[in-house]
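**Q** Structure below; questions to follow.
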């Protein structure tokens, strides 16, 4: 550090020593941190580019996710990712001194940077409406070079290991894997894109005037200036200037509302949350970094200034006021401008805190440059905030302030802003002003003078509270300007740290005169979290203080703890406010809405009681028809409306359709049919119903006069219903019209005074929720009924219930069930000669009868495979009559099949001769499959039953010996002998001919004797042979 003595000056009756501190240049062998701080201004443009491009990439990706066919946005996203990664690479080249570490970071980040050329070329292709094949071919070639470069980077051969060293960073030389990417990108820009843009002008669209198109290609051009250094030629790389065309892209994106960001950032207040989050992260990061990297040391001059607590206190108060203003009502422009003004003032207190800490000069310089970059916008914001409070119009002077402030902001990161530092009396340190800081001081003084003049002329028209706030702001600005002489090497008592005084005046104006309206619930919640933050941070600071080394001076410990405590407290407070604000805002909106409703209800107390009574009755019911009956009865009685017609609006299908009416006795049949069959699209042709739905407001036609100007639907309604007037009342729920209630008088005018219209609208709003809930419950009930019916068509009831409750079905063993298989002999050959539609129709007619028979005899249909039909008795509910049920069903199936064949006129066709097989035995039953559930049975008994069918004869019912032993007392059976079947050998088989004559009535059906025996078996009786 170089120290230069200056002539002493007199301050407060004493000789004041002034020392000029020269910021040293970088050491020939700097350490990593010194290298970082020295090159930080060079890296900031790259970091800004990285931040902006990353934001654009995420925004573009969000838009692309909503429309996966939007390749224009996909290419923009890839291009933004590449630009952002390249900006990060440029920043790393400036900040990282270790070449090995820098090369490793290149290998990690550079594959993303390669996406730039392919994304930019694809973006231009879609920007020019996909007209030019040359761009498309170039795009694919660029993606090949991207793949080649990525391969080289992954394998560690992307760079040669040679470096070009400049004062602003180290640049590696690319290998044969990367140079094609850079060369092809530049050639594609000059040889393909620019000529195509010239040709594209013939379509009447000039992309040379499009800020996004120009910005993209200028960015690629500036990045292309890095090509010589990438290929090994030590020419100046110009990619550090990519932030300039990036500003054009940002301007175009926001001007065209490229991602619908304007609504998201401003109407949805995302900008407030984003800025607040970034500031909270900055404050938290500052506190944590001070704890980790700059603790107080015994032999250090840092933290020795006894006045450090003054700017810390001011910053704490000013930032707290900013959080209070912004968080209490972010929708208000006054609140947001006031909060922004306080935040900029808070950054000035951070600046003074940094100066009071006596940090190393290089770190001090860089921190002040960063803070001044933000603080340079103070004249712009405060000027507009005061004009907003005084209700004044801005003029050319405000634009002059804007321009000069922006120039000063651009100079903050250059050597033309701060040259050195001055230290007064070994206590006060301040930056030495160069052209940029002097310019900012002058524009600040000009802004203060202009505001003072305008305020003096308009103060009599302003409220006392506004006068106090404006005076406080001007006092704060005057305090800041007292620090200006010190930047010129002239001592003057600096009062800039006393910002807590004007902040206190503003707090007084808010609390005493309600100068700025505070919406309460958000503020009350914020205050509670402020207390929580204060307690938590105090505890953390206390714990941290116990880790500090003993023997340190009290002033160092106090200053260190106050700085990190203020940073952490403000950071946590703002972060908590950001997290809690949406909930608090919703509560504010709710309370505000309740206040408005309260005023309205006080004016209509009698109506309110009536509406409340009806509403309670409505909300007590979940039945849609019951709610509509209550609604109709109340409206008809209260407002004297003869006819009511309720229609529902379906936003999913954009249609409006009939639900209920009460005009059964008042309208002719054709009019009733018209109402009950009504369904129309929500389009302008639908007339007044559509306009009511679209505007979400009541449409009241007291008298229908000029019917020629009405829509076709309105004319039809007026004619069929004999209308003289009507009212359409929308039922709005969550800003969506769910239904429209039409009130009408038949043959006479409809008269509704304004208070009745307001009351009717209020009633509609009250019951909209109940009506929507009942409608939803009815739809859910209908869908549930459909799904249950569908499930019961697939699975037995008990199995279906088990599956719904538990999500799985436990397999169950049955010791005895009776299984029946049916099959049509020669079906396959017959199917070849029939028309498919006729074949399916015939088969469906037969199986329909089979289903009816199996259901009547309590059998469970298992499945059909082609012309084969399988069912079983005795499951899923066990019963003792399953063998009787199956045999009776088989006889009826045999009979109905013969009747169907006779009725079809093809009774002799062998293709429709039915063969049936029955067997009784043990099985295992359960549900198989994951997506299409199937209830099936397994076991040897199934195979035997199938063999009974396949070894049977056409037109006969073949049963096994196991089944025969159970049914032989009731049915006439014919022994076939022993017949060989696969896997079982020779077994006895029987033909089932029918019930024995003694169990038949005169009509050939089971008689009472059989039915009595059947009931006894069903209730547990056993069949035993009579002993002789």
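**Q** Sort 556, 696 by Cβ crowding within 10 Å, fewest neighbours at the top.
**A** Least crowded to most crowded, the residues run 696, 556.
**Q** A follow-up question, please. Any idea what the relative contact order of the range 401-496 is, in percent, if you count C-alpha pairs under 8 Å spaced at least 6 apart?
**A** Working: 100 pairs, mean separation 24.7, N = 96.
The normalised contact order for the range 401-496 reaches 26 percent.
**Q** To the nearest whole percent, what portion of all C-alpha pairs in the range 946-1028 is separated by more than 14 angstrom?
**A** Of all Cα-Cα pairs in the range 946-1028, 69 percent lie more than 14 Å apart.
**Q** In the calculated pair distance distribution of the range 116-259, what percentage of Cα-Cα distances lie above 24 Å?
**A** Working: 3787 of 10296 pairs.
Every Cα pair in the range 116-259 considered, those over 24 Å come to 37 percent.
**Q** Output the Kirkwood hydrodynamic radius of the range 808-1018, Cα pairs only, in Å rounded to one decimal.
**A** When all Cα pairs of the range 808-1018 are included, the Kirkwood radius is 17.8 Å.
**Q** Could you give me the percent of Cα pairs per 5 Å distance bin for the range 377-444, shortest bin first, beginning at zero and ending with the bin that holds the maximum distance?
**A** All Cα pairs considered, the percentages come to 3, 17, 21, 18, 14, 12, 8, 5, 2, 0.
**Q** Report Rg (one decimal) and Dmax (nearest whole number) for the range 312-456, counting Cα atoms only, units Å.
**A** According to the Cα coordinates of the range 312-456, Rg and Dmax are 16.0, 48 Å.
**Q** Going by how many other beta carbons lie within 10 Å of each one, how would you line up 104, 242, 631, fewest first?
**A** 104, 631, 242
**Q** Within 10 Å of each residue's Cβ, count the other Cβ atoms and sort 378, 549, 394, 286 from fewest upward.
**A** 549, 394, 286, 378
**Q** Right, another one. Provide, in order from the shortest bin, the percent of all Cα-Cα pairs of the range 419-471 in each 10 Å bin, continuing until the bin that contains the maximum pair distance.
**A** 21, 28, 23, 21, 6
**Q** Now for a different question. Please report the base-10 log of the normalised intensity I(q)/I(0) for the range 643-690, using a Debye sum with one equal scatterer per alpha carbon and no solvent, at each q in 0.14, 0.18, 0.21 (1/Å).
**A** Here the Debye-derived log intensity ratios amount to -0.36, -0.57, -0.73.
No value in this document is a laboratory result; all are computed from the given coordinates. Worth saying up front: this structure is predicted, and the values here are computed from it rather than measured. Methodologically, a virtual Cβ is constructed for each residue, glycine included, from the backbone with ideal geometry; neighbour enumeration extends over all protein chains shown.
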